[in-house]
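Colleague: Here it is: the structure, laid out below.
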Amino acid sequence: MAFDKKLLEIVACPVCKGKLEYNKDAQQLICKADKLVYPINDGIPVLLENKAEPLVE
């Protein structure tokens, strides 16, 4: 299942409530403000703080 990019209009970072960016290649949502990366599993974003990984730039 593919991630629906329309969700980017309504989802937000659970930590800072900021906008998320979509990384299609890695299937991740990125919060640049908190430097966190949230996984997308089977087209569903996992927006749980304890599942986030640090952003490696």
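Colleague: Return P(r) of the chain (all Cα-Cα pairs; 10 Å bins starting at 0; whole %; ordered from short to long distances).
Modeller: Percent of pairs per bin, in order: 26, 62, 12.
Colleague: Can you give the extra length, in nm with one decimal, that the chain gains between N23 and I10 once fully stretched, where that is 0.36 nm per residue apart less the Cα-Cα distance?
Modeller: Details: separation 13, 0.36 × 13 = 4.68 nm, distance 1.67 nm.
Separation in residues times 0.36 nm, less the Cα-Cα distance, equals 3.0 nm.
Colleague: Residues with beta-carbon under 15 Å from that of I10, excluding I10: net charge, scoring Lys, Arg +1 and Asp, Glu -1? Kindly include the intermediate steps, with their values, before the conclusion.
Modeller: On the way: positive: K5, K6, K17, K19; negative: D4, E9, E21.
Summing Lys and Arg as +1 and Asp and Glu as -1 gives +1.
Colleague: Mind checking the dipole of the chain: about its Cα centre, +1 per Lys or Arg Cβ, -1 per Asp or Glu Cβ, Debye to the nearest 20?
Modeller: Working: 8 positive and 9 negative charges, 34 e Å.
Once rounded to the nearest 20, the dipole reads 160 debye.
Colleague: Also, quick follow-up: Using a 1.4 angstrom probe, figure out how much accessible area the chain has per residue, in square angstrom, rounded to the nearest whole. Please report the intermediate quantities before stating the final value.
Modeller: Numbers: 4170 Å² over 57 residues.
Ligands and nucleic acids excluded, the figure is 73 Å² per residue.
Colleague: Using a 1.4 Å probe over the heavy atoms of the protein chains, calculate the carbon and sulfur portion of the accessible area of the chain as a whole percent.
Modeller: Details: 2140 of 4170 Å².
For the chain, the apolar C and S fraction of the accessible surface comes to 51 percent.
Colleague: Another one. Exposed loop trypsin sites (Lys or Arg not before Pro) only (DSSP loop, at most 16 other Cβ atoms within 10 Å): please give the longest stretch of the chain free of them, not including the sites.
Modeller: Answer - 36-57.
Colleague: Another question about this same structure. By residue number, which cysteines of the chain lack any other Cys whose Cβ falls under 4.7 Å from their Cβ?
Modeller: So far as the 4.7 Å Cβ criterion goes, C16 stand without a partner in the chain.
Colleague: Name the most mobile residue of D25, D34, D42, meaning the one with the largest mean-square fluctuation, in a Gaussian network model of the chain with Cα contacts below 10 Å.
Modeller: Looking only at D25, D34, D42, the largest GNM fluctuation is found for D25.
The values are calculated or read from the model by the stated rules, or taken from the named source; none is laboratory data. Since we're looking at a predicted model, the values are computed, not measured. Heads up, the Cβs are rebuilt from the backbone with ideal geometry, glycines too, and the neighbour counts pull from every protein chain shown. Protein only, heavy atoms only, side chains kept; ligands, DNA and RNA dropped before computing areas. Shrake-Rupley method; radii C 1.70, N 1.55, O 1.52, S 1.80 Å.
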